[in-house]
Amino acid sequence: MNFKPLTLVLLGSLLAGTALLAQETATPRRQAQVERRADRQQKRIAQGAASGQLTPKETQHLEKRENKLNKDIAKAESDGKITRKEQAKLNREENRDSRKIYRKKHNARTQPQ
């Protein structure tokens, strides 16, 4: 009797079950990481507006981007978990927003006194 196919099926199902279990436990960490980063970016915008590094128009533009990010996070969390694909999309969006925040805070424009 040949047990090789049966062994392969059992091994495959074991690996698939382990992968699903690992994915379920990683989801809250993904959620926390995405939300923590969004909070830090929001604080960077608020600090730039308070210090005068950001003009009102720049602040408004960055806030609009942050609102879009928050909507995208809510949409990703709507089914109760953030998948790897959703996290990658959110990370790209957060990276883009972070670069925008840096550039706007470090340009020559300042808030009128």
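Test Ile82 against the stated conditions and say whether it is part of a loop (DSSP other than H, G, I, E, B), of a type outside the set (Phe, Trp, Tyr) and closer than 21 Å to Thr27 by Cα.
yes
If I filter the stretch 45-63 for residues that are assigned to a helix (DSSP H, G or I), of a type in the set (Lys, Arg), under 16 Å from the mean Cα position of the chain (by Cα) and at pLDDT 85 or above, do I get at least one hit?
No.
State all residues of the stretch 91-108 that are under 16 Å from Leu62 (Cα atoms) and surrounded by 14 or more Cβ atoms within 10 Å (Cβ to Cβ); if no residue qualifies, say none.
Within the stretch 91-108, Glu93, Glu94, Asp97, Ser98, Lys100, Ile101, Lys104, Lys105 meet the criteria.
The values are calculated or read from the model by the stated rules, or taken from the named source; none is laboratory data. Everything quoted here is computed from the prediction, not taken from an experiment. Positions of Cβ are generated from backbone atoms using ideal geometry, with glycine treated the same way; all protein chains shown enter the neighbour counts.
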